[in-house]
Amino acid sequence: MLPAVRLISEAAELAAQRHNGMARKGRGNEPYINHLAEVANLLATATDGADAEIVAAGWLHDAIEDTDTAPEELAQRFSARVASLVVECTDDMSLPKAERRRRQVMDAPNKSAGAKLIKIADKISNTGARIQTDPSAEERDDLADYVEWATQVVAGCRGGNAWLDEKFDDAVKAARALL
C-alpha cells in the first residue's frame with residue numbers, strides 16, 4: 001500500500017482528472033473538485049489525520065457514480081478498502097432520483113463506519129453549497145428539500161464521530177435560518 005501522504009495526494013490527483021470540467025450544484029459555477037476537497041478535509045479533520053484511506057475515499061467518493069472509474073481500478077491504485085468505501089457511497093444512477101434518495105435513507109444504517117462518515121461529510125458539504133445570501137424562492141425550496149432528505153440519511157449514519165455529527169447539525173441550523 002502507498003504511504004499515507006501519497007495515497008491522499010494520488011487520490012486527489014485522480015479526482016481532479018476525472019471530475020475535470022464538472023461544475024457543482026449551488027454556489028454558481030464552482031468547480032466540482034471543491035466539493036471533493038471539502039469532503040476530504042472534513043474527513044481528515046474528523047479523524048485527526050489518522051485514516052488516510054478514508055480521506056482518499058472522500059476525494060474519490062463520487063468517482064464511480066459520476067465518471068468512468070471502475071471499482072477495480074480504485075482497488076488496484078489505492079486499496080481494497082478505498083474501493084469498498086467508494087462503492088458503498090455510490091448511487092445507482094440508472095434509478096430515478098426519488099428511488100436513489102429513498103435507498104440512501106434505507107441503506108444508511110447498514111453502511112460501514114467509514115462510509116457513514118463519508119456520507120455525513122458529503123451532506124455537510126452539499127448543504128453548505130445550497131446556502132445562499134438572499135436565496136430566491138427556488139433556491140429556498142431546493143434547500144428545504146435537500147435538508148429534509150439529508151437529515152433522514154444522516155440519522156442512519158450518526159454516532160461514529162461527534163465532531164462530524166455536530167458540523168452537520170450546524171449546517172442544518174444555518175440552512176433552516178434561511179427558510
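Computed from the coordinates by the stated procedures, all read-outs in this text should not be read as laboratory data. All of these numbers come straight from a predicted model, not from anything done at the bench. Note: ideal-geometry Cβ built from the backbone for every residue, glycine included; neighbour counts use all protein chains shown.
For every helix of n ≥ 4 consecutive DSSP H residues, a contribution of -39,500 (n - 2.57) applies; sum these over the chain, divide by its total residues, and give [θ] at 222 nm rounded to the nearest 500 deg cm²/dmol. Kindly include the intermediate steps, with their values, before the conclusion.
Values: 10 runs with 121 residues, N = 179.
Rounded to the nearest 500, it is -21000 deg cm²/dmol.
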Item to complete: Would you mind giving the three semi-axes, in whole Å and largest first, of the ellipsoid equivalent to the stretch 64-129 according to its Cα gyration tensor?
Response: 20, 15, 12
Worksheet item: Length gain on complete extension for the stretch residue 106 to residue 72, per 0.36 nm per residue less the alpha carbon to alpha carbon distance?
Response: 9.6 nm
Worksheet item: If you place +1 on the Cβ of every Lys and Arg, -1 on the Cβ of every Asp and Glu, and leave all else neutral, what size is the dipole of the stretch 4-176 about its Cα centre, to the nearest 20 Debye?
Response: 260 debye
Worksheet entry | Whether the stretch 11-119 is rounded, prolate or oblate, judged on the alpha carbon gyration tensor where a/c under 1.5 counts as rounded | rounded
Item to complete: Starting at the first residue of the stretch 64-77, write each ³J(HN,Hα) from the Karplus equation 6.51 cos²θ - 1.76 cosθ + 1.60 with θ = phi - 60°, in whole Hz, x for Gly and Pro.
Response: 6, 5, 10, 9, 8, 7, 9, x, 4, 5, 5, 5, 5, 7
Item to complete: Return, ordered by residue number, the residues of the stretch 43-69 whose backbone nitrogen is under 20 Å from a label point located 7 Å along Cα→Cβ of residue 9.
Response: 44-45, 49-60
Worksheet, complete the sentence: One point scatterer per Cα, no solvent, Debye formula: log10 I(q)/I(0) for the stretch 73-179 at q = 0.10 Å⁻¹ comes out as -0.31
Response to the item:
Of the candidates 23, 98, 64, the farthest towards the positive dipole end of the stretch 4-176 (Lys/Arg Cβ +1, Asp/Glu Cβ -1, centred on the Cα centre) is 98
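Please state, to two decimals, what the Cα-based radius of gyration of the stretch 1-74 comes to when divided by 2.2 N^0.38 Å (N = residues). If you can, show how the numbers build up before the last one.
Details: Rg = 12.1 Å, N = 74, 2.2 N^0.38 = 11.3 Å.
For the stretch 1-74, the normalised Cα radius of gyration comes out at 1.08.
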Worksheet entry | Full-extension gain in nm, residue 141 to residue 20, via 0.36 nm per residue minus C-alpha separation | 40.7 nm
Worksheet, complete the sentence: In nanometres, the difference between 0.36 nm per residue of separation and the alpha-carbon distance of residue 132 and residue 34 is 33.6 nm
Practice prompt. Treat each spin label as a single point 7 Å out from the Cα along the C-beta direction, and report the residue 179 to residue 87 distance in nm.
Written response: 3.5 nm
